[in-house]
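All remarks here apply to the structure that follows.
The values are calculated or read from the model by the stated rules, or taken from the named source; none is laboratory data. None of these values were measured; they are calculated from a predicted model. So basically every Cβ, Gly included, is an ideal-geometry build from the backbone, and we count neighbours across all protein chains shown.
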């Protein structure tokens, strides 16, 4: 027996209200065989960058053909387009506000489509809930074999999110915090490959929140309890953490704050 089609959901809706359940109900009403997987519904409200980061870190672990529906949409009802991005392995549906771009670019976009064909939407479309009325039904119809080009016209461009590029000045590499996870770990935009190109085997000092951290650890267990440390996390980005503690609270650092790496003299 063929496995059921997989649709993932990522939103900033939370789980207190009816919003997520409504989307699931729409999908299952069109194709009851769908397997629905929640990536998260706890994205900080309206935080497109956080949603994009979480989607990019989760999407590639799903089977080929998975449909990823993501809704962090402060511009809902405005001029932003509802889109479908078809990549080498996946389908991404959501608002064209950069939310899908990190994940889609990481898997090579083959086709971009604006969702305009009302045949595949709910009959009545709210100006405030496109997740239920456009993205959910479109995703469900996609599982039934509807080809992407039938949903609307092809797009030559789409909004791409820029998380910033770390800057190298002499013996210093400067990045920024792009995500704070539930443990208070501070994830930066400094990728492992950028770090390796910078230090080339030299010892480094990481400066964050007025504190200096010597060198990198391999894992959380290598740190001293309650003390800040730096390591490359599971997503491949440099992060600042505290073993059995909260780096955000200890260092009083927030998303967007700078983290510096300096070569030891």
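The condition of being modelled with pLDDT of 95 or more, under 24 Å from the mean Cα position of the chain (by Cα) and surrounded by 19 or more Cβ atoms within 10 Å (Cβ to Cβ) holds for only one of 187, 174, that being 187.
Number of residues in region 127-168 that are under 20 Å from residue 9 (Cα atoms) and without any contact (Cβ under 8 Å) to a residue 12 or more places away in the chain equals 1.
Every residue, every condition in (1) modelled with pLDDT of 95 or more; (2) part of a helix (DSSP H, G or I); (3) surrounded by fewer than 16 Cβ atoms within 10 Å (Cβ to Cβ); (4) in the same structural domain as residue 39 (by TED's automatic domain parsing), yes or no:
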| residue | (1), (2), (3), (4) |
| --- | --- |
| 93 | yes, no, no, yes |
| 97 | yes, no, no, yes |
| 104 | yes, yes, no, yes |
| 112 | yes, no, no, yes |
| 116 | yes, no, yes, yes |
| 119 | yes, yes, yes, yes |
| 133 | yes, yes, no, yes |
| 137 | yes, yes, no, yes |
| 140 | yes, yes, no, yes |
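All of (1) crowded, with 19+ Cβ neighbours inside 10 Å; (2) outside any strand (DSSP E or B); (3) in contact (Cβ under 8 Å) with a residue 24 or more places away in the chain hold for residue 20 with one exception: (3).
Only one of the listed residues (223, 235, 219) is loosely packed, with under 14 Cβ neighbours inside 10 Å and either under 18 Å from residue 175 (Cβ atoms) or outside the structural domain of residue 55 (by TED's automatic domain parsing) (or both). That residue is 219. If you go through region 41-71 and pick out every residue that is assigned to a helix (DSSP H, G or I) and buried (at least 17 other Cβ atoms within 10 Å of the Cβ), you end up with 12.
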